[in-house]
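Q: Dropping a structure here in structure tokens format, bear with me for questions.
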Amino acid sequence: MSDNPGRAPSPAPSMQSEASALHYGSEFGGSMVSAFSHVSSGTNRSQGRQGPRVRADLSGLANPHHRTIQVNEADDQLNMELDEEQVPAGQKMYIWGTRIAVDVVQAQFREFINNFKAGQVDEDETTAVGEDGKRTEMNLDEPYYLQRLAEINISEIPILNLNLGHVKLYKESLYRMVIAYPADVIPYLDMVVNEIFEAKYRKILNSPIEVRPFNAEQTKSLRDLNPEDIEQLITTNGMVVRISPLIPEMRQAYFKCSVCNFPHECDVDRGRIEEPTTCTNCGNTYCFQLIHNLSIFLDKQIVKLQEIPGDENTGQTQHTVNLVVHGALVENVHPGDRVSVTGIFRGNFNRVHPAKTALNAILSTSIDVLHFRKMNQNRLHDTNDGSYLSEDRIQEIINLSKQPDIIHRLCSALAPQIFGHEDVKQGLLCQLFGGTRKPTKENENRSKLRAEINVLLCGDPGTAKSQLLQYIYKLMPRSQYTSGKGSSAVGLTASIAREPETKGVVLQTGALVMADNGVCCIDEFDKMSDSTRSILHEVMEQQTLSIAKAGIICQLNARTSILAAANPIGSKWDQKKTIIENINLPHTLLSRFDLIFLIIDPKTEEYDRRLARHLVNFYVNREDLEEEVHATLDIALLRDYIAYAKDNINPKLSQNADQALLQYYLEMREAGKRTGHITAYSRQLESLIRLSEATAKMRLSEWVEKEDVDEAYQLYMKALCQSAVDPDTGFVDVGILATGVAESTRQHASALSEKIIKLFTQRNVTQMSLHKLLNEMRADDTTVDKHVFNEALQLLVKEQKINKTSDKVSLVL
């Protein structure tokens with residue numbers, strides 16, 4: 001029980017042990033679940049773990065207040081099969097409304113726990129915590145769940161994740177009972193597991209072990225859930241889009257007589273509290289008061305689950321469903337997580353009016369969650385998942401990192417279907433690894449330094465920019481994909497919504513917040529509106545998102561890497577123009593990208609031949625291509641490699657690397673002085689540091705060496721020579737990204753402004769049309785274009801020497 005406000009839970013009834021399925025609630029309400037297994041799960045015995053309904057043949061154990069279930073045809077067939085199996089006589093206790101004998105269920109499950117051997121398990125089920133505290137490979141020749149109990153004995157985290165696929169493989173009738181009557185059967189499974197554990201280890205944990213089922217065979221999409229699934233165990237997949245604040249839900253009420261102070265405790269039965277009417281001590285009626293601070297509450301949270309983008313049918317919108325989460329599962333998932341949810345599908349009655357008892361005939365549906373499982377298939381592991389790798393896998397990763405060509409091998413494994421673009425792939429790989437986060441103390445008076453790397457891909461259409469974005473989106477966890485034209489400021493930041501449970505106003509986070517600790521891929525970046533683009537300035541540098549709307553003032557974490565793709569104006573890159581003139585993006589935003597790659601079709605015969613051969617081989621000899629890709633580096637190994645590096649490697653700058661960074665920065669500044677251009681700002685130095693740290697992570701090195709700085713500098717200069725070159729001089733000018741104007745253009749505009757003032761003086765006029773003035777300047781200097789002309793006019797306006805209207809220029813007297 002989490003946050004018990006006043007007292008410990010009352011002891012269980014004498015006919016049940018503390019681990020009994022009829023004992024409401026559980027003391028295990030912490031957040032340690034995520035540290036136990038990647039198959040994270042949990043809900044305390046609340047909605048899904050209430051006491052089972054039982055009936056007895058000879059004893060009066062049945063609760064008269066429990067309703068009787070109408071048995072449908074499928075359930076009746078199951079009951080007939082159970083009757084055939086229950087040959088021994090003397091069964092006394094049955095689940096209410098069925099022919100399922102409790103003793104038979106427990107006997108079958110006890111046999112399953114003691115004897116089941118998993119011939120094949122999923123990737124996240126292959127390891128367990130050993131006696132030394134490290135994760136080791138499980139012995140699949142030994143009973144699988146006895147090894148899981150041994151893990152619980154070591155970790156003391158009372159959760160047993162039950163793969164229903166294993167149950168069906170071993171005993172299909174037991175599997176069907178769990179699916180059909182989860183609220184009744186699962187508590188008895190808890191009792192069996194606790195009995196086996198106590199008998200084997202002679203040990204009682206602080207909280208009873210709870211069975212958390214997952215992986216129901218028929219995983220349903222949200223749109224396929226129907227009334228037939230109500231009160232049954234289902235598994236569905238989706239993406240978390242919103243979570244509510246914690247809601248305290250009463251599990252046991254504490255009443256006290258106002259006359260004689262006699263206490264009375266009452267369990268909450270399916271959302272109802274039976275308030276006592278008569279005091280058994282003094283005989284007075286309607287004299288009880290509810291004492292809140294002595295009642296027992298359980299954490300509750302409402303999670304909104306949405307279909308994963310791309311899973312919906314053509315022309316249909318994405319369905320959503322509310323998840324009801326209790327106890328240990330609270331705060332275990334966050335917006336942006338892609339999860340597989342196992343729980344009980346509920347149909348909830350709604351009142352016609354809050355003050356009336358009449359109910360609507362149309363029910364609202366929700367899922368009482370029993371288990372969460374993060375979906376990582378074909379995707380990088382999520383944060384901290386590197387700790388779940390086995391020792392053999394970690395050793396394989398370490399051996400791979402010692403290869404001299406490790407960076408080349410990693411780049412070859414990234415998007416192998418896309419031909420060429422080696423420098424771009426290396427830049428994207430640096431983005432996936434990221435830099436080293438610098439922890440800042442709360443009282444430390446300095447700004448937080450970002451470790452995320454932002455990358456912009458720009459160039460001609462049809463050069464695989466969108467394909468690279470899609471590949472990173474599908475590979476990276478907590479990633480979001482959006483298009484510039486279809487994105488709004490609210491969609492990227494947060495919108496205001498009303499929480500149906502509490503009726504309060506809450507924030508529904510957008511793509512940037514949901515991609516926290518991930519990558520936000522933005523295609524068609526140049527077509528994004530100015531109001532939408534303006535919110536990216538804070539996110540790309542401060543890694544936060546400030547919100548002030550509808551009375552909610554907060555600052556959300558947006559520690560996301562931005563991967564954007566943009567096309568030039570007119571869909572053709574003009575080599576005679578700067579990047580600012582080619583794409584419709586402000587220089588204040590471009591300067592926040594660490595790497596800007598220009599992807600242009602070279603239009604050479606050799607390149608065309610190699611590209612055509614690659615595409616033809618991809619379609620004709622697809623199997624051979626896949627074998628070649630697999631021989632380079634397995635994609636699963638690449639995922640584990642990056643996950644391990646992000647979780648365990650935090651390289652620091654060595655003395656040699658420090659000197660190399662300083663030397664490169666001074667050389668860039670000195671080169672700018674010689675050519676009269678600005679070639680480096682402090683942001684360029686910070687980008688070099690982040691790229692050097694990412695390169696060191698690729699080698700799994702705890703120190704950034706000079707070779708990492710050299711590799712990062714070469715990559716950075718390749719990108720800089722593409723994106724920040726002055727087309728008039730051919731030299732690198734970072735001022736194009738920082739101010740939007742090249743130094744040569746600024747000097748040309750300054751000289752032109754003096755000629756304009758001189759022309760007004762010579763002609764002895766105070767006013768002239770823009771068209772005539774431009775022609776006069778071009779007559780004297782043929783290199784004058786509209787861009788330089790406008791820069792000269794803006795300079796004169798700032799100096800308050802002229803006034804400019806839409807079609808005229810007048811001299812200020």
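Q: Could you tell me whether the range 214-228 includes any residue that is without any contact (Cβ under 8 Å) to a residue 24 or more places away in the chain, on the phi > 0 side of the Ramachandran plot, part of a loop (DSSP other than H, G, I, E, B) and not assigned by TED's automatic domain parsing to the domain that holds residue 177?
A: no
Q: Sort out which residues of the range 558-573 are in contact (Cβ under 8 Å) with a residue 60 or more places away in the chain and either surrounded by 20 or more Cβ atoms within 10 Å (Cβ to Cβ) or basic (Lys, Arg) (or both), and write them in order of number. Talk me through it step by step, then tell me what you get.
A: Within the range 558-573, the subset in contact (Cβ under 8 Å) with a residue 60 or more places away in the chain is 559-568, 571-573.
559, 560, 561, 562, 563, 564, 565, 566, 567, 568, 572, 573 - these are the residues of the range 558-573 that are in contact (Cβ under 8 Å) with a residue 60 or more places away in the chain and either surrounded by 20 or more Cβ atoms within 10 Å (Cβ to Cβ) or basic (Lys, Arg) (or both).
Q: So which of 230, 243 is surrounded by fewer than 16 Cβ atoms within 10 Å (Cβ to Cβ) and among the β-branched types (Val, Ile, Thr)?
A: So the residue among 230, 243 that is surrounded by fewer than 16 Cβ atoms within 10 Å (Cβ to Cβ) and among the β-branched types (Val, Ile, Thr) is 230.
Q: Also: Please pick out the residue among 249, 265 that is under 30 Å from residue 505 (Cβ atoms), among the acidic types (Asp, Glu), part of a strand (DSSP E or B) and touching a strand residue (DSSP E or B) at 6+ places or on another chain (Cβ under 7 Å).
A: Step by step, each of 249, 265 is checked, and only 249 is under 30 Å from residue 505 (Cβ atoms), among the acidic types (Asp, Glu), part of a strand (DSSP E or B) and touching a strand residue (DSSP E or B) at 6+ places or on another chain (Cβ under 7 Å).
Q: In addition: Report yes if some residue within the range 135-144 is at positive phi, at pLDDT below 85 and surrounded by fewer than 18 Cβ atoms within 10 Å (Cβ to Cβ); otherwise report no.
A: Taking every residue of the range 135-144 in turn, none turns out to be at positive phi, at pLDDT below 85 and surrounded by fewer than 18 Cβ atoms within 10 Å (Cβ to Cβ).
Q: Still on this structure, please answer the following. I need the full set of residues from the range 668-693 which are among the hydrophobic types (A, V, I, L, M, F, W, C), at pLDDT below 90, in a helix (DSSP H, G or I) and surrounded by 15 or more Cβ atoms within 10 Å (Cβ to Cβ), in order please.
A: 668, 685, listed by residue number.
Q: Checking residue 110 against (1) assigned to a loop (DSSP other than H, G, I, E, B); (2) at pLDDT 85 or above, which single condition isn't satisfied?
A: Only one criterion in (1) assigned to a loop (DSSP other than H, G, I, E, B); (2) at pLDDT 85 or above is unmet by residue 110, namely (1).
Q: Further, regarding this structure: Out of all the residues in the range 776-794, which are free of Cβ contacts under 8 Å to residues at least 24 places away in the same chain, assigned to a loop (DSSP other than H, G, I, E, B) and more than 52 Å from the chain's Cα centre (by Cα)?
A: Once the filter is applied, which keeps residues that are free of Cβ contacts under 8 Å to residues at least 24 places away in the same chain, assigned to a loop (DSSP other than H, G, I, E, B) and more than 52 Å from the chain's Cα centre (by Cα), the range 776-794 yields only 782.
Residues checked against (1) over 19 Å from the mean Cα position of the chain (by Cα); (2) part of a strand (DSSP E or B); (3) surrounded by fewer than 16 Cβ atoms within 10 Å (Cβ to Cβ):
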position: 449; (1), (2), (3): yes, no, yes
position: 461; (1), (2), (3): yes, no, yes
position: 467; (1), (2), (3): yes, no, yes
position: 472; (1), (2), (3): no, no, no
position: 477; (1), (2), (3): no, no, no
position: 481; (1), (2), (3): no, yes, no
position: 485; (1), (2), (3): yes, no, yes
position: 507; (1), (2), (3): no, yes, no
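Q: Filtering the range 694-724 down to residues that are closer than 14 Å to residue 591 by Cα and not small (Gly, Ala, Ser), which residue is modelled with the lowest pLDDT?
A: Here the answer is 720.
Q: Would a scan of the range 795-806 turn up a residue that is assigned to a loop (DSSP other than H, G, I, E, B), farther than 30 Å from residue 406 by Cβ and among the aliphatic types (A, V, I, L, M)?
A: No, the range 795-806 has no match at all.
Q: Could you list, in sequence order, all residues of the range 690-720 that are within 26 Å of the chain's Cα centre (by Cα) and hydrophobic (A, V, I, L, M, F, W, C)?
A: 691, 694, 696, 698, 700
Q: Another one. If you check every pair at least six apart or on different chains, which have Cβ atoms under 9 Å apart with a residue in the range 574-595 that is basic (Lys, Arg) first and a residue that is at pLDDT below 80 second?
A: Between residues of the range 574-595 that are basic (Lys, Arg) and residues that are at pLDDT below 80, the close pairs are 576/727; 576/728; 577/727; 577/787.
Q: Of the residues that make up the range 521-530, is at least one part of a strand (DSSP E or B) and of a type in the set (Gly, Ala, Ser)?
A: no
The values are calculated or read from the model by the stated rules, or taken from the named source; none is laboratory data. The structure displayed is predicted, hence computed values, not measured ones. As a convention, Cβ positions derive from the backbone with ideal geometry for all residues, glycine included, and neighbour counts pool all protein chains shown.
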